[in-house]
Structures are given as C-alpha cells and as structure tokens.
Amino acid sequence: MDGGAILARSLVDQGVEYVFGVVGFPVIDFAVAAQHAGLKYIGMRNEQAASYAASAMGYLTGRPAVCLVVSGPGLVHALAGMANAAVNCWPLIVVGGAGESAQEEMGAFQEFPQVHASRPYCKLAARPSSLQAIPLYVEKAVRTCTFGRPGVSYLDFPADMLSGTCPEDGIRWSLRCPAPPVCQADSADVATAIRTLRQAKKPLIIVGKGAAYGRAEVATQGLIDVTRIPFLATPMGKGVVADDHPHCVAAARSKALSQADVILLLGARLNWILHFGQPPRFRQDVQVIQVDICPEELGNNCWSSQCVRLHGSIAAVTKQLVSEAGGTSWQVPGHRLWADELKSIANEKESGRQAMERPTAPPMSYYQVFAEVRAVIPRDCAMVSEGANTMDISRSTLPCCRPRQRLDAGTFGTMGVGVGFAIASALHETDAKTGRHVLCVQGDSAFGFSAMELEVACRYSLPIIFLVVNNNGISLGTTQSLWKDMVTDGGVHPARSAPPTSLLPSARYEKIAEAFGAPGYYVQTTAELRTALQRAVKRPLADGPCLIHAAIDPLASRIAQEHNWLTLSKL
Ligand code: ADP
C-alpha cells in the first residue's frame with residue numbers, strides 16, 4: 001500500500017468523515033485516495049477557510065474533521081484555523097504535505113519547518129516515523145485532539161512518505177479510538193457546590209460553549225428547572241437552554257453579572273468574554289463554582305479564595321449536580337426576588353430594543369434587519385454570525401432554541417470564519433437530514449475575508465442563506481455622497497483621504513453569488529428584505545445557496561445598553 005492509501009484508510013478506521021482542503025503538491029493523490037476510501041472531500045478555495053470549516057465540523061459533531069494542506073504556504077494559511085480551534089478548544093486534525101525528506105534543509109520547493117511551526121497551536125505535532133506506523137499516529141491524533149480539553153493535532157507527511165509503498169501485512173492498524181472517557185467530579189465537591197448555591201442570595205448560572213460541545217443540554221436544563229436559578233449564556237453557549245426559557249436573564253446581563261454573589265460556570269472560561277471575572281463587571285467577593293474538563297482551568301481568574309472546583313465532563317457533572325440538588329424544585333424566597341428583579345430589567349430592555357425595530361424611512365438599521373429575519377426565518381435555523389455590530393446585535397436579537405445552533409467569531413474573535421463555518425454547518429444539517437437551511441449573517445467586511453468560498457457553497461449546492469448586512473465599512477461606513485466628497489472629488493490621494501474604516505460604498509455583493517449561478521438579492525427597505533427572505537426560505541434545500549445584500553445606514557450603530565465585549569469597565 002502507498003502512504004496516502006494507508007493514511008486514508010486509517011482516517012476512515014478512526015471514524016473521520018470529512019476532509020476540507022486545497023490540493024496541490026504533494027497531496028493531490030492523497031485527496032483522491034481519501035475519496036476512494038470513503039471520506040468526503042470538500043475542496044475549498046483557501047486553507048484558512050478549510051481549517052475553519054474542519055474545526056467547526058469538529059465542534060458540531062464531536063468528532064474531528066481533517067484540514068488537508070499543501071506544503072509551506074498551505075500550512076501557513078491553515079495556522080489561522082489551528083490557532084482559532086486551539087483558542088476555542090475545538091478538535092481539529094491538520095494533515096500537511098511536505099517536500100521530499102531527502103531534500104530537507106536544502107531549500108526545497110515550499111520547504112518550511114511545518115511541525116515546528118504548528119507546535120504552539122497543537123496538542124500533538126508530529127511526522128510519522130514510518131509508513132507502517134501511520135495508523136498509530138492517526139489514532140493518536142484523534143485521541144489527543146478529542147480527549148481532555150479538545151484541541152488540534154498536526155500530522156506531517158513528506159512527499160516520499162505519501163507516495164512510498166510497503167507490504168500490507170507489515171502495517172500496524174489501530175482500533176478505533178473510543179469517545180472521550182466520561183469523568184465525574186468528586187462527590188464532596190458536588191455537595192459543596194449545591195450547598196453554596198442554596199445559601200447564595202443572588203445565584204447565577206452561566207452556560208458556556210463547553211456545555212454545548214459536551215452535549216450537556218438535558219442535564220443543564222434539568223438543573224435550571226430544579227433550582228430555578230436565573231441563567232445566561234455566552235455567545236456560543238446560547239441554545240443549550242433556549243433563550244425563551246423563563247429563567248433566562250440574558251437581557252439583564254450586566255446587572256446579573258455585577259450583582260451575583262455565587263456563579264456556577266458551566267463550560268466557560270473567565271476570559272475577556274466574561275470580563276476576566278473582575279470588578280466592576282463582577283462583585284469583588286463573588287464565589288465561583290467552575291465545572292471544566294481541564295483541571296488547569298479550575299481557579300483561573302477566580303479572585304475569591306472560596307471558589308469551588310468541579311473537575312469532570314460537563315454532562316456527567318451537571319447530572320451529579322441535579323441529583324445532589326434533589327428531585328423537587330427549590331423554594332428559596334430570596335432567589336425568587338432576585339430572579340424577578342432580573343426578569344423585570346430584562347423585559348424593560350426588551351421593550352427598548354423593540355422600539356428600535358419600529359419601521360422608519362430607509363435606510364435600514366441593524367435592528368430593523370434582524371426584526372425581519374426573526375419574522376421570516378424559522379427559530380431553529382442553524383446560524384453563523386460574524387462582524388462587529390452585525391455579530392453583536394444579531395446575537396441579542398436573534399434568539400436560539402437548540403444547542404450548537406449558532407457559530408460566531410468565538411473566543412479568538414476571528415473575522416473571516418463565517419463562510420467556512422456555514423459550509424460545515426450546512427453539510428452537518430444535510431447529513432442529519434434536518435430539513436433546515438443555514439443562515440449566515442455577516443457584515444460586509446467579515447464577508448470579504450472569505451467571499452470566494454461562496455463558489456464552494458455553490459459547487460456542493462449547500463443550503464445556505466447568506467445575508468450580508470452592508471454598512472460600507474468596518475464598524476462604521478461612509479455614504480456614497482460622503483465618499484464622493486472625500487475621496488473621489490477631494491483632490492487628495494485616496495490612500496490619504498479614504499477613512500480606514502470605509503469600504504467601497506457602491507459594492508454589489510449579491511453579484512458574487514450570481515457569478516456562481518446562485519440568486520442574489522439587493523435590498524434597501526424592510527419590505528424588500530422580507531420578500532427576499534421569504535424567497536430564500538422557500539428555496540428547496542437541494543437548490544443551494546442564495547445571497548441577500550441588505551444595504552443599511554452606514555452610520556447605524558448599536559443601542560447604548562448593548563454591551564461591548566471588549567470593555568473592562570463600562571457597565
Ligand atoms: P465560552 O466562549 O462559551 O465562554 P470557553 O471556550 O471560554 O467558553 O470555555 C469552554 C470551556 O469548556 C473550556 O475551558 C473547556 O476546557 C471546557 N470544556 C470543553 N469540553 C468540555 C466537556 N466535555 N466537559 C467539561 N468542560 C469542557
């Protein structure tokens with residue numbers, strides 16, 4: 001067997017289903033071998049998008065997908081997705097082709113220290129020691145990227161290893177790596193956690209994307225139902241328990257965080273997304289109960305000495321918490337008052353937002369766009385969201401009702417993930433025969449990072465509704481007339497006069513879809529947007545993507561109380 005065929009069969013043996021990649025030297029034959037072995041190969045237009053798509057598939061399914069790259073620059077492009085997956089704690093396997101091993105250090109074509117360069121982003125970065133050992137390395141790559149805190153494995157294959165052959169009976173085939181071991185927390189710690197929650201005056205549960213990845217939805221909902229403790233979710237923790245659950249206090253987020261005296265953190269880190277757990281966003285004396293699969297995470301950024309550390313698999317530990325809490329609902333009068341207070345603030349904020357959605361003369365605002373989306377798109381539709389204002393505002397205005405429903409720029413805040421994520425999500429929805437479209441909501445700048453990947457979505461007829469919310473810029477855009485005054489007629493070199501945040505105001509993004517045979521709609525009013533969305537959802541899934549370009553007010557922004565994730569101190 002040749003090395004490519006051994007690698008392909010090893011991946012199949014390990015339950016890998018998808019390879020996302022860009023082919024070239026020396027991996028073309030391997031991609032064909034992968035298809036022959038039964039793997040699905042999705043050819044992307046840039047390794048960055050391939051790495052984003054493969055990592056999203058890993059997050060959505062719990063099994064890693066492969067990102068296949070060519071030597072040198074191919075690997076360098078994929079480092080973006082490796083870093084993104086590592087920072088998000090998502091499983092990913094990157095397979096890189098490399099030059100002939102006999103040419104190492106001789107200045108070979110696309111020569112690059114690939115194993116070395118990958119190492120900072122990986123749990124495992126290795127080159128198999130022989131053709132016969134490839135299956136062992138593949139099993140180790142799957143095990144390493146899925147067990148414990150998920151992350152990235154990199155396997156390096158010189159050209160001569162992919163094309164070299166060995167007798168089949170000398171190959172050391174591996175058994176399939178099982179699902180990660182389920183770890184329970186120490187029962188004394190579980191008892192302490194429940195006692196602490198009962199005694200709290202203002203308890204709060206925060207649901208993170210670790211709970212989504214760890215498929216803890218049933219136990220988490222059970223815990224919230226039994227304890228009636230108010231909860232909110234992080235951006236990708238949304239949907240583990242539906243946003244319209246009566247105990248969800250997402251709209252009163254600032255108050256809930258800053259006043260809670262005990263916080264149960266289910267699969268979320270106290271990083272920038274949760275303001276490092278620090279005042280003034282959190283109380284100085286807040287007690288944190290952390291549940292995490294990664295023991296080193298426990299205690300991280302917990303400023304109070306009294307934090308409770310529950311090490312284990314989130315679904316199992318949450319179940320332990322439910323059983324320790326007892327079968328009947330808690331009736332702690334103080335908790336009830338606290339929950340009611342948060343609910344009334346949440347309702348007030350909701351009405352503030354609804355006011356922003358009321359019809360006005362064009363141009364549209366973000367809020368009006370998302371009100372139309374809410375009115376037309378089914379509430380369980382898979383969703384990808386990226387951009388600055390587009391992502392922030394759509395997060396709070398487009399509710400989630402099921403786990404892993406929503407993907408976004410994540411912990412690394414990576415712009416450019418959207419189209420790759422949408423491709424992975426659409427493949428996942430199609431495989432599961434859910435009958436759902438994927439809605440990919442992007443700002444015009446975010447879309448630009450990977451717009452050519454639209455061709456991939458068209459090539460594989462993926463059911464994605466792309467909605468480009470265009471304000472002509474990054475955070476803040478420019479109107480056509482301002483652009484004309486400042487840049488076209490200004491008499492100064494455009495590189496000196498064009499605002500760095502501005503993009504071309506006359507861009508027509510829907511025409512990119514048309515170039516690949518997909519319908520494109522350009523809309524400027526809420527009525528036009530509604531019609532386009534209605535057409536989009538009526539399209540049969542097999543007809544592939546369409547793109548709606550919604551031109552909004554270039555000066556549109558978020559309402560003041562919409563929280564800004566990056567600030568440390570603004571309440
Ligand atoms: P968010 O972005 O939602 O705040 P983070 O990515 O910061 O979430 O945190 C997710 C946490 O979940 C990580 O610390 C990771 O170790 C943890 N995690 C991932 N999978 C599991 C699991 N199966 N069980 C417990 N914790 C998990």
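The values are calculated or read from the model by the stated rules, or taken from the named source; none is laboratory data. All of these numbers come straight from a predicted model, not from anything done at the bench. Glycine gets a Cβ as well: all are built from the backbone with ideal geometry, and neighbour counts include every protein chain shown. Note: areas computed on protein heavy atoms with side chains; ligands, DNA, RNA excluded. Shrake-Rupley method; radii C 1.70, N 1.55, O 1.52, S 1.80 Å.
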If you check CYS440, CYS458, which single one turns out to be out of contact with any His (no Cβ under 9 Å at 6 or more places or on another chain) and assigned to a helix (DSSP H, G or I)? CYS458
Restricting the search to region 84-134, which residues are open to solvent by 80 Å² or more (accessible area, probe 1.4 Å), away from the ligand (no atom under 16 Å from the Cβ) and under 26 Å from the mean Cα position of the chain (by Cα)? ARG119, PRO120
Failed condition for ASN301, given (1) within 15 Å of the ligand (Cβ to nearest atom); (2) in a helix (DSSP H, G or I); (3) touching a helix residue (DSSP H, G or I) at 6+ places or on another chain (Cβ under 9 Å), with all others met? (2)
Odd one out for SER396 among (1) touching a strand residue (DSSP E or B) at 6+ places or on another chain (Cβ under 9 Å); (2) within 16 Å of the ligand (Cβ to nearest atom): (1)
PHE20 farther than 20 Å from ALA85 by Cβ and either touching a residue at least 40 places away in the same chain (Cβ under 8 Å) or surrounded by fewer than 24 Cβ atoms within 10 Å (Cβ to Cβ) (or both): no
Output for Cβ contacts, cut-off 7 Å, separation at least six or different chains, first residue of a type in the set (Ser, Thr, Tyr) in region 222-235, second more than 16 Å from the ligand (Cβ to nearest atom) and in a helix (DSSP H, G or I), reads THR227/LEU197; THR227/ALA325
Working only within region 224-237, note down all residues that are out of contact with any Leu (no Cβ under 9 Å at 6 or more places or on another chain) and either within 11 Å of the ligand (Cβ to nearest atom) or of a type in the set (D, E, K, R) (or both). ASP225, ARG228, ALA233, PRO235
Across region 308-321, the tally of residues that are open to solvent by less than 20 Å² (accessible area, probe 1.4 Å) and more than 12 Å from the ligand (Cβ to nearest atom) stands at 2
Out of region 135-170, which residues are open to solvent by 20 Å² or more (accessible area, probe 1.4 Å), within 16 Å of the ligand (Cβ to nearest atom) and either touching a helix residue (DSSP H, G or I) at 6+ places or on another chain (Cβ under 6 Å) or part of a helix (DSSP H, G or I) (or both)? ARG143, THR144
Taking the condition of being over 23 Å from GLY267 (Cα atoms) and part of a helix (DSSP H, G or I), how many residues in region 313-334 meet it? 2
Would you check which residues across region 278-293 are away from the ligand (no atom under 11 Å from the Cβ) and either in a strand (DSSP E or B) or aliphatic (A, V, I, L, M) (or both) and list them? VAL286, GLN287, VAL288, ILE289
Kindly provide the set of residues from region 273-288 that are in contact with an Asp or Glu (Cβ under 9 Å, 6 or more places away or on another chain) and buried (at least 21 other Cβ atoms within 10 Å of the Cβ), ordered by number. VAL286, GLN287
Within the bounds of region 410-425, is there any residue that is open to solvent by less than 70 Å² (accessible area, probe 1.4 Å), within 20 Å of LEU257 (Cβ to Cβ) and at pLDDT below 95? no
Looking only at region 237-247, how many residues end up being open to solvent by 10 Å² or more (accessible area, probe 1.4 Å) and over 14 Å from LEU197 (Cβ atoms)? 6
Flag for GLY3 being touching a residue at least 40 places away in the same chain (Cβ under 8 Å) and surrounded by fewer than 21 Cβ atoms within 10 Å (Cβ to Cβ): no
Could you grab me the full set of residues in region 344-372 that are among the small types (Gly, Ala, Ser) and crowded, with 18+ Cβ neighbours inside 10 Å? ALA346, SER365, ALA371
Quick check on my filter: what residues within region 208-223 are within 8 Å of the ligand (Cβ to nearest atom), open to solvent by less than 10 Å² (accessible area, probe 1.4 Å) and under 19 Å from SER323 (Cα atoms)? ALA211, ALA216
From the option list GLU341, GLU296, GLU324, single residue qualifying as open to solvent by 30 Å² or more (accessible area, probe 1.4 Å) and within 13 Å of the ligand (Cβ to nearest atom) is GLU296
Only one of (1) in a helix (DSSP H, G or I); (2) out of contact with any Leu (no Cβ under 8 Å at 6 or more places or on another chain); (3) open to solvent by less than 10 Å² (accessible area, probe 1.4 Å) fails for MET452. Which number is that? (3)
Of those in region 248-272 that are farther than 21 Å from ARG402 by Cα and open to solvent by 20 Å² or more (accessible area, probe 1.4 Å), the residue nearest to the ligand (Cβ to nearest atom) is ARG269
Residue pairs, Cβ under 7 Å, 6 or more apart or interchain, first in region 73-94 and within 22 Å of GLY210 (Cβ to Cβ), second among the aromatic types (Phe, Trp, Tyr) and open to solvent by 30 Å² or more (accessible area, probe 1.4 Å). List them. MET82/TYR121; ALA83/TYR121; ALA83/PHE412; ASN84/PHE412; ALA86/TYR121; VAL87/PHE412; ASN88/PHE412
If a residue counts only when it is within 30 Å of ALA268 (Cα to Cα), which strands (runs of 3 or more DSSP E) contained entirely in region 2-113 have at least 1 such residues? 18-21, 66-69, 92-98
